[in-house]
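The values are calculated or read from the model by the stated rules, or taken from the named source; none is laboratory data. Please read these numbers as outputs of a predicted model, since none were measured by experiment. Backbone-built Cβ (ideal geometry, glycine too); neighbour counts: all protein chains shown. Remember, those area values only see protein heavy atoms, side chains included, never the ligands or the DNA or RNA. Shrake-Rupley method; radii C 1.70, N 1.55, O 1.52, S 1.80 Å.
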Amino acid sequence: MAELNITNIPAPRVPFVDERTGLMAREWYRFFLNLFVLTGSGNNPITLEELQLGPPSQPNLAELLIQINQNIAPQYEDQSGDFLATLDTAQLMSMMARFENAEAAIQGAYLQPVVQTGTIANYNLDNSPTAGGIVYGTGPALAVSAAGTLGQVLTSAGAGTPTWAAAATGTVSSVAQSFTGGLISVAGSPITTSGTLALTVAGTSGGVPYFTSGTTWATSAALAASALVVGGGAGAAPATITTGTGVTTALGVNTGTAGAFVVNGGALGTPSSGTVTNLTGTASININGTVGATTANTMRGTTIEGTDTTDATSTTAAAVKTAGGLAVAKKVFTGDNVVPAAAKGVNFTGNTPAAGMTSQLMNWYEEGTWTPVMSFTTNGDLAVTYSAQVGHYERVGSQVTARFRVIASAFTYTTATGTFQITGLPFVCNATTNFIGVGPVFISNVLMTAVSATATYSTARVSVGTSIINIIISGNNSAANTANQASMPSGNLVGFAGFVSYRV
(Lines give C-alpha, C1' and ligand atoms only; values in the text may rest on other atoms or scores of the structure.)
Protein backbone atom coordinates (compact mmCIF):
# COMPACT_ATOMS: atom_id res chain seq x y z
CA MET A 1 0.00 0.00 0.00
CA ALA A 2 1.26 3.50 -0.82
CA GLU A 3 2.76 5.59 2.00
CA LEU A 4 0.15 7.65 3.82
CA ASN A 5 0.12 11.39 3.15
CA ILE A 6 -0.65 12.58 6.67
CA THR A 7 -1.71 16.22 6.91
CA ASN A 8 -0.54 18.12 9.99
CA ILE A 9 -3.23 20.18 11.73
CA PRO A 10 -2.02 23.81 11.95
CA ALA A 11 -0.86 24.92 15.39
CA PRO A 12 -3.36 26.85 17.55
CA ARG A 13 -1.31 30.00 17.12
CA VAL A 14 -2.11 29.99 13.35
CA PRO A 15 -5.35 31.98 12.88
CA PHE A 16 -8.00 30.45 10.64
CA VAL A 17 -8.41 33.73 8.69
CA ASP A 18 -5.34 35.62 7.45
CA GLU A 19 -5.66 39.20 8.79
CA ARG A 20 -3.75 40.59 5.83
CA THR A 21 -6.00 39.14 3.09
CA GLY A 22 -9.25 38.39 4.92
CA LEU A 23 -9.12 34.88 3.42
CA MET A 24 -8.46 31.42 4.89
CA ALA A 25 -4.86 31.07 6.05
CA ARG A 26 -2.73 29.01 3.66
CA GLU A 27 -1.83 26.53 6.45
CA TRP A 28 -5.51 25.76 7.04
CA TYR A 29 -6.20 25.67 3.27
CA ARG A 30 -3.41 23.11 2.81
CA PHE A 31 -4.79 21.06 5.71
CA PHE A 32 -8.35 20.87 4.24
CA LEU A 33 -7.05 20.31 0.70
CA ASN A 34 -4.97 17.32 1.81
CA LEU A 35 -7.95 15.89 3.73
CA PHE A 36 -10.05 16.24 0.55
CA VAL A 37 -7.40 14.41 -1.50
CA LEU A 38 -6.96 11.68 1.13
CA THR A 39 -10.73 10.97 1.17
CA GLY A 40 -10.97 10.46 -2.59
CA SER A 41 -11.15 13.98 -4.12
CA GLY A 42 -14.95 13.78 -4.32
CA ASN A 43 -15.15 10.38 -6.02
CA ASN A 44 -14.36 6.71 -5.45
CA PRO A 45 -12.04 5.58 -8.29
CA ILE A 46 -11.10 1.92 -8.77
CA THR A 47 -7.47 1.39 -7.79
CA LEU A 48 -4.96 -1.25 -8.82
CA GLU A 49 -5.43 -2.89 -5.42
CA GLU A 50 -9.16 -3.30 -6.10
CA LEU A 51 -8.38 -4.95 -9.48
CA GLN A 52 -5.96 -7.52 -8.07
CA LEU A 53 -6.81 -11.23 -8.38
CA GLY A 54 -6.90 -11.85 -4.62
CA PRO A 55 -8.62 -9.89 -1.84
CA PRO A 56 -7.00 -6.48 -1.19
CA SER A 57 -4.70 -6.19 1.80
CA GLN A 58 -6.00 -4.30 4.81
CA PRO A 59 -4.00 -1.56 6.61
CA ASN A 60 -3.03 -2.25 10.24
CA LEU A 61 -5.34 -0.02 12.30
CA ALA A 62 -2.94 0.20 15.27
CA GLU A 63 -0.02 1.24 13.09
CA LEU A 64 -2.24 3.74 11.29
CA LEU A 65 -3.29 5.43 14.54
CA ILE A 66 0.33 5.56 15.82
CA GLN A 67 1.39 7.22 12.59
CA ILE A 68 -1.48 9.75 12.88
CA ASN A 69 -0.50 10.59 16.48
CA GLN A 70 3.17 10.99 15.57
CA ASN A 71 2.36 13.45 12.80
CA ILE A 72 -0.47 15.43 14.42
CA ALA A 73 0.26 15.52 18.17
CA PRO A 74 3.53 17.60 17.89
CA GLN A 75 1.47 20.46 16.45
CA TYR A 76 0.01 21.07 19.93
CA GLU A 77 3.33 21.00 21.82
CA ASP A 78 5.89 23.71 22.48
CA GLN A 79 9.60 23.34 21.83
CA SER A 80 10.12 21.36 25.06
CA GLY A 81 7.60 18.68 23.98
CA ASP A 82 4.90 19.73 26.45
CA PHE A 83 1.42 20.90 25.48
CA LEU A 84 1.15 24.65 25.16
CA ALA A 85 0.55 26.22 28.53
CA THR A 86 -1.49 29.02 26.98
CA LEU A 87 -4.36 26.68 26.00
CA ASP A 88 -7.49 27.23 28.02
CA THR A 89 -10.15 24.55 28.47
CA ALA A 90 -12.26 25.62 25.46
CA GLN A 91 -9.21 25.68 23.16
CA LEU A 92 -8.10 22.28 24.39
CA MET A 93 -11.54 20.76 23.78
CA SER A 94 -11.65 22.30 20.31
CA MET A 95 -8.16 20.94 19.55
CA MET A 96 -9.09 17.42 20.68
CA ALA A 97 -12.32 17.49 18.66
CA ARG A 98 -10.40 18.45 15.51
CA PHE A 99 -7.85 15.73 16.26
CA GLU A 100 -10.59 13.10 16.57
CA ASN A 101 -12.31 14.32 13.39
CA ALA A 102 -9.03 14.03 11.46
CA GLU A 103 -8.57 10.46 12.74
CA ALA A 104 -12.11 9.51 11.70
CA ALA A 105 -11.73 11.05 8.23
CA ILE A 106 -8.44 9.23 7.54
CA GLN A 107 -9.79 5.94 8.86
CA GLY A 108 -12.86 6.26 6.62
CA ALA A 109 -10.60 6.88 3.61
CA TYR A 110 -8.40 3.79 4.16
CA LEU A 111 -10.55 1.27 6.01
CA GLN A 112 -13.15 0.57 3.28
CA PRO A 113 -15.25 -2.62 3.19
CA VAL A 114 -13.44 -5.50 1.52
CA VAL A 115 -14.70 -6.10 -2.03
CA GLN A 116 -13.54 -9.25 -3.74
CA THR A 117 -12.90 -8.75 -7.44
CA GLY A 118 -11.09 -10.64 -10.15
CA THR A 119 -11.77 -13.42 -12.63
CA ILE A 120 -14.01 -16.43 -11.97
CA ALA A 121 -10.93 -18.68 -11.96
CA ASN A 122 -9.79 -17.23 -8.62
CA TYR A 123 -13.00 -18.05 -6.79
CA ASN A 124 -14.87 -20.85 -8.51
CA LEU A 125 -12.44 -23.00 -10.52
CA ASP A 126 -9.72 -25.30 -9.33
CA ASN A 127 -7.63 -24.85 -12.50
CA SER A 128 -7.50 -22.72 -15.62
CA PRO A 129 -10.50 -23.36 -17.94
CA THR A 130 -10.03 -26.18 -20.45
CA ALA A 131 -10.54 -25.23 -24.10
CA GLY A 132 -13.74 -26.94 -25.27
CA GLY A 133 -14.76 -27.85 -21.72
CA ILE A 134 -18.14 -27.16 -20.12
CA VAL A 135 -18.53 -25.29 -16.81
CA TYR A 136 -20.52 -27.23 -14.21
CA GLY A 137 -21.21 -26.98 -10.51
CA THR A 138 -19.47 -29.22 -7.98
CA GLY A 139 -21.54 -28.00 -5.05
CA PRO A 140 -19.22 -25.56 -3.28
CA ALA A 141 -17.62 -24.24 -6.49
CA LEU A 142 -17.52 -24.37 -10.28
CA ALA A 143 -15.32 -26.61 -12.41
CA VAL A 144 -14.63 -27.23 -16.10
CA SER A 145 -15.04 -30.62 -17.73
CA ALA A 146 -12.53 -32.16 -20.12
CA ALA A 147 -12.87 -31.34 -23.81
CA GLY A 148 -14.82 -33.73 -26.02
CA THR A 149 -14.08 -34.71 -29.61
CA LEU A 150 -15.89 -33.68 -32.77
CA GLY A 151 -19.39 -35.13 -32.98
CA GLN A 152 -19.62 -36.28 -29.34
CA VAL A 153 -22.55 -35.40 -27.07
CA LEU A 154 -22.46 -34.47 -23.38
CA THR A 155 -23.86 -37.12 -21.03
CA SER A 156 -25.07 -36.33 -17.51
CA ALA A 157 -23.55 -38.20 -14.58
CA GLY A 158 -26.15 -37.06 -12.08
CA ALA A 159 -24.38 -35.15 -9.32
CA GLY A 160 -20.98 -36.12 -10.74
CA THR A 161 -18.88 -34.76 -13.58
CA PRO A 162 -20.64 -34.85 -16.99
CA THR A 163 -18.79 -36.82 -19.68
CA TRP A 164 -18.54 -36.80 -23.45
CA ALA A 165 -19.67 -39.84 -25.49
CA ALA A 166 -20.29 -40.76 -29.10
CA ALA A 167 -23.85 -40.20 -30.34
CA ALA A 168 -25.96 -43.37 -30.27
CA THR A 169 -26.85 -45.00 -33.63
CA GLY A 170 -29.45 -47.55 -34.77
CA THR A 171 -31.16 -49.18 -37.76
CA VAL A 172 -34.73 -49.39 -39.02
CA SER A 173 -35.83 -53.04 -39.13
CA SER A 174 -39.22 -52.59 -40.76
CA VAL A 175 -41.27 -49.99 -42.72
CA ALA A 176 -45.01 -50.44 -43.24
CA GLN A 177 -47.76 -48.55 -45.10
CA SER A 178 -51.51 -48.87 -44.75
CA PHE A 179 -54.61 -47.13 -46.15
CA THR A 180 -58.14 -47.21 -44.81
CA GLY A 181 -61.25 -45.90 -46.46
CA GLY A 182 -61.48 -47.94 -49.68
CA LEU A 183 -60.48 -47.17 -53.30
CA ILE A 184 -56.73 -47.41 -52.58
CA SER A 185 -54.92 -50.68 -51.78
CA VAL A 186 -51.33 -51.14 -50.56
CA ALA A 187 -48.86 -53.72 -51.92
CA GLY A 188 -45.37 -54.66 -50.69
CA SER A 189 -45.97 -53.80 -46.99
CA PRO A 190 -44.17 -54.31 -44.68
CA ILE A 191 -40.59 -53.96 -45.97
CA THR A 192 -38.09 -55.65 -43.64
CA THR A 193 -34.91 -55.61 -45.72
CA SER A 194 -35.58 -54.11 -49.16
CA GLY A 195 -38.51 -53.62 -51.50
CA THR A 196 -40.97 -51.07 -52.88
CA LEU A 197 -44.32 -49.93 -51.52
CA ALA A 198 -47.05 -49.68 -54.18
CA LEU A 199 -50.42 -47.91 -53.98
CA THR A 200 -53.21 -48.98 -56.36
CA VAL A 201 -56.47 -47.09 -57.00
CA ALA A 202 -59.46 -49.32 -57.84
CA GLY A 203 -62.83 -48.08 -59.09
CA THR A 204 -65.54 -48.30 -61.75
CA SER A 205 -64.71 -46.92 -65.19
CA GLY A 206 -67.06 -44.01 -65.89
CA GLY A 207 -68.17 -43.77 -62.27
CA VAL A 208 -67.54 -41.04 -59.70
CA PRO A 209 -65.96 -41.46 -56.23
CA TYR A 210 -68.13 -40.64 -53.19
CA PHE A 211 -68.16 -41.20 -49.43
CA THR A 212 -70.23 -44.16 -48.22
CA SER A 213 -69.50 -43.04 -44.65
CA GLY A 214 -67.49 -40.40 -42.90
CA THR A 215 -64.21 -42.30 -43.54
CA THR A 216 -64.85 -44.71 -46.44
CA TRP A 217 -64.68 -44.11 -50.20
CA ALA A 218 -66.46 -45.94 -53.03
CA THR A 219 -67.29 -45.37 -56.72
CA SER A 220 -70.69 -45.23 -58.40
CA ALA A 221 -71.70 -47.24 -61.45
CA ALA A 222 -70.80 -45.88 -64.87
CA LEU A 223 -72.76 -42.72 -65.64
CA ALA A 224 -74.74 -42.45 -68.86
CA ALA A 225 -73.30 -40.19 -71.54
CA SER A 226 -74.74 -36.62 -71.76
CA ALA A 227 -77.07 -37.26 -68.78
CA LEU A 228 -77.50 -35.15 -65.67
CA VAL A 229 -75.93 -36.41 -62.43
CA VAL A 230 -78.10 -36.32 -59.30
CA GLY A 231 -77.08 -37.00 -55.71
CA GLY A 232 -78.06 -40.21 -53.99
CA GLY A 233 -78.16 -38.80 -50.44
CA ALA A 234 -76.06 -39.79 -47.43
CA GLY A 235 -74.08 -43.01 -48.07
CA ALA A 236 -75.75 -43.62 -51.44
CA ALA A 237 -74.16 -43.52 -54.88
CA PRO A 238 -74.90 -40.66 -57.30
CA ALA A 239 -76.70 -41.59 -60.54
CA THR A 240 -77.82 -40.11 -63.87
CA ILE A 241 -81.26 -38.96 -64.95
CA THR A 242 -82.75 -38.89 -68.44
CA THR A 243 -83.26 -35.42 -69.99
CA GLY A 244 -85.98 -34.21 -72.34
CA THR A 245 -85.55 -33.34 -76.00
CA GLY A 246 -83.62 -30.10 -76.52
CA VAL A 247 -82.54 -29.60 -72.87
CA THR A 248 -79.00 -30.85 -73.43
CA THR A 249 -78.79 -28.74 -76.57
CA ALA A 250 -80.04 -25.65 -74.73
CA LEU A 251 -77.50 -26.12 -71.96
CA GLY A 252 -74.62 -26.62 -74.34
CA VAL A 253 -75.42 -24.01 -77.02
CA ASN A 254 -74.94 -20.23 -76.78
CA THR A 255 -78.53 -19.26 -77.68
CA GLY A 256 -79.45 -15.70 -78.56
CA THR A 257 -77.78 -12.68 -80.11
CA ALA A 258 -75.56 -10.10 -78.43
CA GLY A 259 -77.51 -7.55 -76.40
CA ALA A 260 -80.86 -9.35 -76.71
CA PHE A 261 -83.00 -10.93 -74.00
CA VAL A 262 -83.24 -14.72 -73.77
CA VAL A 263 -86.88 -15.80 -73.80
CA ASN A 264 -88.03 -19.01 -72.10
CA GLY A 265 -89.21 -21.59 -74.62
CA GLY A 266 -91.66 -23.27 -72.24
CA ALA A 267 -91.48 -26.74 -70.68
CA LEU A 268 -88.41 -28.48 -72.06
CA GLY A 269 -88.42 -26.05 -74.97
CA THR A 270 -85.35 -24.40 -76.43
CA PRO A 271 -84.92 -20.76 -75.32
CA SER A 272 -84.32 -18.12 -77.94
CA SER A 273 -83.77 -14.39 -78.44
CA GLY A 274 -86.80 -12.15 -78.31
CA THR A 275 -88.46 -8.98 -76.99
CA VAL A 276 -89.27 -8.70 -73.31
CA THR A 277 -92.80 -7.55 -72.54
CA ASN A 278 -92.75 -7.91 -68.74
CA LEU A 279 -90.03 -8.41 -66.11
CA THR A 280 -91.17 -9.65 -62.68
CA GLY A 281 -89.43 -10.99 -59.61
CA THR A 282 -87.66 -9.84 -56.42
CA ALA A 283 -84.06 -9.94 -57.60
CA SER A 284 -82.25 -6.84 -58.81
CA ILE A 285 -82.24 -6.46 -62.61
CA ASN A 286 -79.28 -4.95 -64.49
CA ILE A 287 -80.29 -3.52 -67.88
CA ASN A 288 -77.49 -2.88 -70.35
CA GLY A 289 -77.50 -2.07 -74.04
CA THR A 290 -78.40 0.69 -76.49
CA VAL A 291 -81.43 2.89 -75.87
CA GLY A 292 -84.17 2.04 -78.33
CA ALA A 293 -86.11 4.36 -80.60
CA THR A 294 -88.77 4.78 -77.93
CA THR A 295 -87.61 5.96 -74.48
CA ALA A 296 -89.84 5.29 -71.47
CA ASN A 297 -91.04 8.40 -69.63
CA THR A 298 -91.09 6.78 -66.20
CA MET A 299 -88.70 4.33 -64.48
CA ARG A 300 -89.06 3.06 -60.95
CA GLY A 301 -86.53 1.13 -58.92
CA THR A 302 -84.51 0.98 -55.69
CA THR A 303 -81.30 1.98 -57.50
CA ILE A 304 -81.18 3.61 -60.94
CA GLU A 305 -77.92 3.90 -62.84
CA GLY A 306 -77.87 5.38 -66.31
CA THR A 307 -76.67 8.07 -68.67
CA ASP A 308 -78.66 11.24 -69.35
CA THR A 309 -77.71 13.66 -72.10
CA THR A 310 -80.08 16.39 -70.96
CA ASP A 311 -78.74 19.93 -70.68
CA ALA A 312 -76.47 20.07 -67.58
CA THR A 313 -77.94 23.50 -66.67
CA SER A 314 -81.45 22.09 -66.15
CA THR A 315 -83.07 22.84 -62.76
CA THR A 316 -85.88 20.32 -63.09
CA ALA A 317 -86.52 18.48 -59.82
CA ALA A 318 -84.84 15.03 -59.69
CA ALA A 319 -83.46 15.42 -63.21
CA VAL A 320 -80.44 13.13 -63.56
CA LYS A 321 -77.50 14.70 -65.41
CA THR A 322 -74.05 13.51 -66.40
CA ALA A 323 -71.00 15.44 -65.25
CA GLY A 324 -67.66 13.76 -65.96
CA GLY A 325 -69.29 10.32 -66.02
CA LEU A 326 -70.97 10.84 -62.63
CA ALA A 327 -74.75 10.84 -62.32
CA VAL A 328 -75.69 14.09 -60.56
CA ALA A 329 -79.15 14.88 -59.23
CA LYS A 330 -80.08 18.58 -59.28
CA LYS A 331 -82.58 18.07 -56.47
CA VAL A 332 -82.73 14.96 -54.30
CA PHE A 333 -85.67 14.07 -52.09
CA THR A 334 -84.95 11.35 -49.54
CA GLY A 335 -86.55 10.08 -46.38
CA ASP A 336 -83.34 8.79 -44.78
CA ASN A 337 -79.78 9.84 -43.94
CA VAL A 338 -77.13 10.15 -46.61
CA VAL A 339 -74.20 7.92 -45.57
CA PRO A 340 -71.00 8.49 -47.61
CA ALA A 341 -68.22 5.92 -47.70
CA ALA A 342 -65.27 6.27 -45.29
CA ALA A 343 -63.07 9.33 -46.04
CA LYS A 344 -65.78 10.64 -48.42
CA GLY A 345 -67.97 13.68 -47.89
CA VAL A 346 -68.70 17.05 -49.48
CA ASN A 347 -66.01 18.46 -51.80
CA PHE A 348 -65.94 22.25 -52.22
CA THR A 349 -63.40 22.38 -55.05
CA GLY A 350 -65.88 24.53 -57.01
CA ASN A 351 -65.01 27.43 -54.69
CA THR A 352 -61.94 29.58 -55.27
CA PRO A 353 -59.63 28.81 -52.31
CA ALA A 354 -57.28 31.09 -50.39
CA ALA A 355 -53.54 30.92 -51.04
CA GLY A 356 -52.88 28.59 -48.10
CA MET A 357 -55.59 26.01 -48.97
CA THR A 358 -54.63 22.36 -48.27
CA SER A 359 -58.04 20.66 -48.60
CA GLN A 360 -61.62 21.49 -49.65
CA LEU A 361 -63.10 18.14 -48.61
CA MET A 362 -65.51 18.02 -45.64
CA ASN A 363 -65.38 14.33 -44.70
CA TRP A 364 -65.90 14.16 -40.92
CA TYR A 365 -68.52 15.20 -38.39
CA GLU A 366 -68.73 13.76 -34.90
CA GLU A 367 -69.90 14.75 -31.44
CA GLY A 368 -69.90 12.96 -28.12
CA THR A 369 -68.82 12.95 -24.49
CA TRP A 370 -65.46 12.49 -22.76
CA THR A 371 -64.34 12.17 -19.12
CA PRO A 372 -61.81 14.75 -17.86
CA VAL A 373 -59.39 13.42 -15.19
CA MET A 374 -57.12 15.57 -12.96
CA SER A 375 -53.55 14.35 -12.48
CA PHE A 376 -49.86 15.31 -12.30
CA THR A 377 -46.96 14.07 -14.45
CA THR A 378 -46.05 11.92 -11.41
CA ASN A 379 -49.27 11.07 -9.55
CA GLY A 380 -47.68 9.33 -6.56
CA ASP A 381 -50.45 8.86 -4.01
CA LEU A 382 -52.79 11.51 -5.48
CA ALA A 383 -56.42 10.82 -4.51
CA VAL A 384 -59.28 12.82 -6.10
CA THR A 385 -63.02 12.69 -5.44
CA TYR A 386 -65.15 14.60 -7.96
CA SER A 387 -68.31 16.61 -7.43
CA ALA A 388 -68.39 17.38 -11.18
CA GLN A 389 -66.63 15.51 -14.02
CA VAL A 390 -68.22 16.07 -17.44
CA GLY A 391 -66.94 16.69 -20.96
CA HIS A 392 -68.43 17.14 -24.44
CA TYR A 393 -66.81 17.49 -27.86
CA GLU A 394 -67.60 18.22 -31.50
CA ARG A 395 -65.34 17.41 -34.44
CA VAL A 396 -65.99 19.11 -37.79
CA GLY A 397 -63.44 18.02 -40.38
CA SER A 398 -60.08 18.22 -38.62
CA GLN A 399 -61.21 20.85 -36.04
CA VAL A 400 -62.07 19.60 -32.51
CA THR A 401 -63.78 21.67 -29.81
CA ALA A 402 -63.77 20.01 -26.38
CA ARG A 403 -65.68 21.45 -23.38
CA PHE A 404 -65.08 20.35 -19.81
CA ARG A 405 -66.10 20.97 -16.19
CA VAL A 406 -64.21 19.15 -13.44
CA ILE A 407 -64.41 20.01 -9.71
CA ALA A 408 -62.83 18.16 -6.78
CA SER A 409 -64.68 17.56 -3.50
CA ALA A 410 -61.49 15.93 -2.15
CA PHE A 411 -57.94 16.50 -3.46
CA THR A 412 -55.10 15.04 -1.35
CA TYR A 413 -51.55 13.79 -1.85
CA THR A 414 -48.09 13.62 -0.24
CA THR A 415 -45.86 12.31 -3.05
CA ALA A 416 -47.39 13.73 -6.27
CA THR A 417 -45.08 16.04 -8.26
CA GLY A 418 -44.74 17.73 -11.64
CA THR A 419 -47.02 19.53 -14.07
CA PHE A 420 -50.78 19.55 -13.47
CA GLN A 421 -52.81 18.10 -16.36
CA ILE A 422 -56.35 17.17 -17.40
CA THR A 423 -56.37 13.96 -19.44
CA GLY A 424 -59.01 12.12 -21.48
CA LEU A 425 -59.40 14.23 -24.66
CA PRO A 426 -61.01 12.14 -27.45
CA PHE A 427 -58.39 13.02 -30.12
CA VAL A 428 -54.62 13.71 -30.18
CA CYS A 429 -53.59 17.23 -31.22
CA ASN A 430 -51.86 17.52 -34.62
CA ALA A 431 -48.10 16.95 -34.18
CA THR A 432 -47.16 19.78 -36.57
CA THR A 433 -44.95 22.37 -34.84
CA ASN A 434 -46.93 25.30 -33.32
CA PHE A 435 -50.31 23.56 -33.83
CA ILE A 436 -51.20 23.94 -30.15
CA GLY A 437 -54.84 24.22 -29.07
CA VAL A 438 -55.99 26.91 -26.63
CA GLY A 439 -59.14 28.13 -24.97
CA PRO A 440 -60.47 30.06 -21.97
CA VAL A 441 -60.69 28.37 -18.59
CA PHE A 442 -62.26 29.24 -15.23
CA ILE A 443 -60.13 28.12 -12.26
CA SER A 444 -60.94 27.75 -8.57
CA ASN A 445 -58.66 27.34 -5.50
CA VAL A 446 -55.45 27.44 -7.57
CA LEU A 447 -52.43 29.21 -5.99
CA MET A 448 -51.38 31.15 -9.12
CA THR A 449 -48.54 33.06 -7.44
CA ALA A 450 -46.75 29.78 -6.71
CA VAL A 451 -45.68 29.71 -10.37
CA SER A 452 -45.85 33.41 -11.31
CA ALA A 453 -45.52 36.29 -8.85
CA THR A 454 -47.50 38.60 -11.17
CA ALA A 455 -50.13 36.05 -12.24
CA THR A 456 -53.48 37.57 -13.23
CA TYR A 457 -55.07 35.21 -15.74
CA SER A 458 -55.14 31.57 -16.90
CA THR A 459 -55.56 29.70 -20.21
CA ALA A 460 -56.18 26.06 -21.17
CA ARG A 461 -53.66 24.63 -23.67
CA VAL A 462 -53.30 21.35 -25.62
CA SER A 463 -49.68 20.74 -26.70
CA VAL A 464 -48.90 19.27 -30.14
CA GLY A 465 -48.90 15.49 -30.36
CA THR A 466 -50.80 15.04 -27.04
CA SER A 467 -54.36 14.62 -25.74
CA ILE A 468 -53.60 16.45 -22.47
CA ILE A 469 -54.84 19.85 -21.27
CA ASN A 470 -52.39 22.00 -19.25
CA ILE A 471 -53.32 25.15 -17.31
CA ILE A 472 -51.12 28.13 -18.35
CA ILE A 473 -50.77 30.96 -15.81
CA SER A 474 -49.39 34.41 -16.68
CA GLY A 475 -49.64 38.09 -15.86
CA ASN A 476 -48.68 41.60 -16.92
CA ASN A 477 -45.25 41.62 -18.61
CA SER A 478 -44.40 38.11 -17.36
CA ALA A 479 -43.65 34.79 -19.05
CA ALA A 480 -46.28 32.07 -19.28
CA ASN A 481 -45.91 29.29 -16.70
CA THR A 482 -47.58 25.89 -16.39
CA ALA A 483 -49.58 25.13 -13.24
CA ASN A 484 -47.89 22.43 -11.17
CA GLN A 485 -47.98 20.63 -7.84
CA ALA A 486 -46.86 23.77 -5.97
CA SER A 487 -49.87 25.76 -7.23
CA MET A 488 -52.36 23.10 -6.07
CA PRO A 489 -51.51 22.17 -2.45
CA SER A 490 -53.01 19.03 -0.98
CA GLY A 491 -56.43 19.75 0.50
CA ASN A 492 -57.38 22.53 -1.96
CA LEU A 493 -60.74 21.79 -3.62
CA VAL A 494 -59.59 22.80 -7.09
CA GLY A 495 -61.99 23.22 -10.01
CA PHE A 496 -61.81 24.01 -13.74
CA ALA A 497 -64.34 24.81 -16.48
CA GLY A 498 -63.73 25.89 -20.07
CA PHE A 499 -63.03 24.61 -23.56
CA VAL A 500 -60.13 24.11 -25.99
CA SER A 501 -60.11 24.16 -29.78
CA TYR A 502 -57.44 22.27 -31.68
CA ARG A 503 -56.69 20.38 -34.92
CA VAL A 504 -56.14 16.66 -35.35
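Points to keep in mind about this one:
- Assessment of region 361-373 against the conditions (in a loop (DSSP other than H, G, I, E, B), closer than 20 Å to residue 470 by Cβ and without any contact (Cβ under 8 Å) to a residue 60 or more places away in the chain) yields at least one matching residue.
- If you filter region 383-403 down to residues that are under 29 Å from the mean Cα position of the chain (by Cα) and small (Gly, Ala, Ser), you find that the one that is farthest from residue 430 (Cα to Cα) is 383.
- Residue 249 vs. criteria at pLDDT below 80, open to solvent by 50 Å² or more (accessible area, probe 1.4 Å) and part of a loop (DSSP other than H, G, I, E, B): no
- Within region 403-413, being aliphatic (A, V, I, L, M) and surrounded by 14 or more Cβ atoms within 10 Å (Cβ to Cβ) holds for 406, 407, 408.
- A residue that is under 23 Å from residue 378 (Cα atoms), in contact with a Phe, Trp or Tyr (Cβ under 9 Å, 6 or more places away or on another chain) and part of a loop (DSSP other than H, G, I, E, B) occurs nowhere in region 398-411.
- Among the residues here, residue 486 qualifies as at pLDDT 90 or above, open to solvent by less than 70 Å² (accessible area, probe 1.4 Å) and not in a strand (DSSP E or B).
- Within the span defined as region 339-353, every residue fails to be surrounded by 10 or more Cβ atoms within 10 Å (Cβ to Cβ) and closer than 21 Å to residue 437 by Cα.
- Residue within region 404-416 that is without any contact (Cβ under 8 Å) to a residue 40 or more places away in the chain, under 24 Å from residue 493 (Cβ atoms) and under 24 Å from the mean Cα position of the chain (by Cα) present: no
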